[in-house]
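Structure, as structure tokens:
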Amino acid sequence: MSDLAVVGNSAVAAALDGAESAVIDCVRTTYLLHESGGTVNPDSYFLRFPEKPDSRIIALPAFVHDERPMAGIKWISSFPANVRRGQQRASALLVLNDYETGRPVAVLESAAISAARTAASAALAAQVLGRGEAATLGVVGAGYIARTICRYLRAGGTRPERIVCHDTDPASAAALVGHLDATAEGTAVAGDLDAALDADVVVFATTALAPYVPATHRFRAGQLVLHISLRDLAPETLLAADNVVDDVEHCLKARTSPHLAEMLTGGRGFITGTLAQVMQDKARLDPGRPTVFSPFGLGVLDIAVGRMVLDHARESGDALAVDGFFGDQVRW
């Protein structure tokens, strides 16, 4: 085997194309493994810039300890100003390490992997937390993550008759509408924030740094809110809902909306449980309340999905072998 495999975007796309159901299953399995203690997921580390407060680069180290142990780290940047340049907001690399030797075995383009695992977690949450057919879907934020989530929701069985797209940039909302219409993922229209918030299922996929939805807003009983961007909702809104997270310790920090709710109340009693706990019937939802799913985004998901992509790239011959990358590995 070569010292290092490099998997670029075209190979990642080939591995993920049409594999939405497999990615959702991978995320489900990894959430359950994480809940059982079969992973190591340290805190994410944020590199911030004083003159660019909206920008950051994040390191997410993680270890998946299953029948094929794999460790690694994702290095992902978020520079919202890129959108004004007509470029993607985020870019990322994933490094995978061999558990036996610790050596890096692969470097993968990871913006697509990150988007896929994020979208798969949303689709899984819709499967687990949804309460019947969703006639309408509201999407707040109209970027790459939003359109990926829409594709995964459909693959996971959430197929609304109507999709309302809202973005502070009307051109982005119009672009998402055009994309959804062209890909037959639903009848889509652009709408204001209130229209999007009124849908049966609401997706937040924004770059918001602080809550902007009015603190007086209340979702109705039975609504499902996929709060992917984590900082859109006021704590008062969360306190009037069932709150499901991916990991309590990770989610309640860095001034996320759930963290603000903890600061407001002085406790964590408003947390209903984790998604894995709901899957295991260890946490129960109140049918008289809306449900908000707020996932921090666990590095173990990147490792698990990245490993799946690496397997496909090696089997298809799409992984670029870089022999001799690390030089002589013999100690003497």
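Quick notes
- Protein accessible area in the chain, 1.4 Å probe - carbon and sulfur %: 53 percent
- Taken over the Cα atoms of the chain, the convex hull encloses 147 Å³ per residue.
- Top of 74, 282, 253 by mean-square fluctuation, Gaussian network on the chain, Cα under 10 Å: 282
- Averaging 1/r across all pairs of distinct Cα atoms in region 43-177 and inverting the result yields a Kirkwood radius of 17.0 Å.
- An ellipsoid equivalent to region 24-68, defined through the eigenvalues of its Cα gyration tensor, has semi-axes of 30, 11, 8 Å when rounded to whole angstrom and sorted largest first.
- The simple Förster model, with R0 at 35 Å and r as the Cβ-Cβ distance, assigns residue 127 and residue 198 a FRET efficiency of 0.95.
- Rounded to the nearest 5, the antiparallel percentage of DSSP beta bridges internal to the chain is 50%.
- With Cα atoms, 0 to 90° folded angle of helix 144-155 axis to the chain main axis: 80 degrees
- Burial order of peptide ranges 21-27, 84-90 (average beta-carbon count within 10 Å, highest first): 21-27, 84-90
- Relative contact order for the chain: 21 percent, from Cα pairs under 8 Å spaced at least 6 residues apart, divided by residue count.
- Range in the chain, longest, excluding exposed GluC sites (Glu not before Pro) [loop by DSSP; at most 12 other beta-carbon atoms within 10 Å]: 162-332
- Gain on full stretching of the segment that runs from residue 82 to residue 254 - 0.36 nm per residue minus C-alpha separation: 59.6 nm
- Taking every protein chain into account, the accessible area of region 144-293 amounts to 41 square angstrom per residue (probe 1.4 Å).
- Inter-part distance, region 57-109 to region 179-218, computed on C-alpha centroids, equals 28 Å.
- Annotation: extensible slack from residue 187 through residue 46 equals 46.9 nm (criterion: 0.36 nm per residue apart, minus Cα-Cα distance).
- The Stokes-Einstein estimate for region 205-332, based on a Kirkwood radius over Cα pairs and taken at 10 °C with 1.306 mPa s viscosity, is a diffusion coefficient of 93 µm²/s.
- Rounded FRET efficiency, nearest 0.05, which uses the C-beta distance separating residue 3 from residue 240 and R0 of 56 Å: 0.55
- Accessible area (Å², per residue) of region 1-95, counting only protein heavy atoms and a probe of 1.4 Å: 53 Å²
- Once backbone amide H atoms are built at 1.01 Å from N, residue 253 has 259 as its partners under 5 Å, excluding neighbours fewer than 5 places away on the same chain.
- On Cα atoms only, tilt of 170-182 relative to the major axis of the chain in degrees: 70 degrees
- The chain: angle of helix 20-35 to the longest principal axis, Cα-based, in degrees nearest 10: 90 degrees
- Its convex hull of Cα atoms gives region 187-239 a direction-averaged projected area, equal to a quarter of the hull surface, of 3.9 nm².
The values are calculated or read from the model by the stated rules, or taken from the named source; none is laboratory data. A quick note: this is a predicted structure, and the numbers were derived from the prediction, not measured. Ideal geometry is used to build each Cβ from the backbone, glycine not excepted, and the neighbour counts take in all protein chains shown. To get the accessible areas, we keep the full protein, side chains included, count just its heavy atoms, and leave off ligands, DNA and RNA. Shrake-Rupley method; radii C 1.70, N 1.55, O 1.52, S 1.80 Å.
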